[in-house]
């Protein structure tokens with residue numbers, strides 16, 4: 001999508017201003033998950049022109065969101081790490097809240113989406129999210145009911161656990177929280193989507209892959 005570099009820099013600088021007084025100046029690492037199109041190359045070049053301190057981690061083959069975030073987190077040398085999507089889909093206040101929680105409590109601060117989130121996603125994705133929440137509470141007995149919220153922050157203990165995840169696509173979030181459960185603090189933090197954010201439908205191929213991943217996690221939890 002053309003123009004995402006400008007939007008990302010604008011939102012990142014706004015976020016930086018909100019945490020600078022108590023967290024210092026954050027760095028930015030953006031992962032190019034195997035895209036080699038001319039448009040993508042222009043956007044990454046534009047990003048580093050607008051924000052010279054930004055780091056771009058690239059590799060040739062697309063692997064998925066979980067793989068991409070592990071590459072980005074591995075490249076970070078910070079004390080705390082915040083992971084989210086490149087369009088910054090959550091409000092700046094939500095991001096500030098998550099960083100504040102992890103700086104105060106350590107471990108992991110996991111975004112927990114409010115009920116208004118369900119009004120902004122396709123029907124099937126809505127029921128999929130609600131079903132997963134039910135399984136988290138009643139089957140997996142996890143302390144966080146919204147594992148798939150794409151806004152999380154963690155300290156270096158959390159980083160070590162994050163890098164131990166193996167799922168390359170969407171259920172890496174759940175794997176991360178399951179690996180962390182009982183080892184480090186996990187704090188749910190209320191977050192909200194910013195205005196104008198929309199979510200795509202979940203494809204059947206992805207759903208089949210993630211179904212297998214979920215069964216693997218379920219069997220692992222019973223051992």
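The values are calculated or read from the model by the stated rules, or taken from the named source; none is laboratory data. What you see is a predicted model, and the numbers here were worked out from it, not measured in a lab. In this analysis, Cβ positions are derived from the backbone assuming ideal geometry, glycine residues included, and neighbour counts consider all displayed protein chains.
Scanning segment 1-16 for residues that are surrounded by fewer than 12 Cβ atoms within 10 Å (Cβ to Cβ) and closer than 24 Å to residue 104 by Cβ turns up nothing.
Please work out if residue 94 is in contact with a strand residue (DSSP E or B) (Cβ under 6 Å, 6 or more places away or on another chain), surrounded by 15 or more Cβ atoms within 10 Å (Cβ to Cβ) and either at pLDDT below 75 or more than 19 Å from residue 162 (Cα to Cα) (or both). Taking the combined requirement at face value, the residue satisfies it. Taken together, the residues in segment 129-161 that are closer than 18 Å to residue 216 by Cβ and either surrounded by 13 or more Cβ atoms within 10 Å (Cβ to Cβ) or at pLDDT 75 or above (or both) amount to 8.
Just the residues that are within 20 Å of residue 100 (Cα to Cα) and assigned to a loop (DSSP other than H, G, I, E, B), please, taken from segment 16-49. 24, 25, 26, 27, 28 - these are the residues of segment 16-49 that are within 20 Å of residue 100 (Cα to Cα) and assigned to a loop (DSSP other than H, G, I, E, B). Confirm whether residue 81 is farther than 17 Å from residue 197 by Cβ and at pLDDT below 95. No. Tell me, please, whether a residue that is at positive phi, over 15 Å from the mean Cα position of the chain (by Cα) and in contact (Cβ under 8 Å) with a residue 24 or more places away in the chain can be found in segment 56-71. Scanning segment 56-71 turns up no residue that is at positive phi, over 15 Å from the mean Cα position of the chain (by Cα) and in contact (Cβ under 8 Å) with a residue 24 or more places away in the chain.
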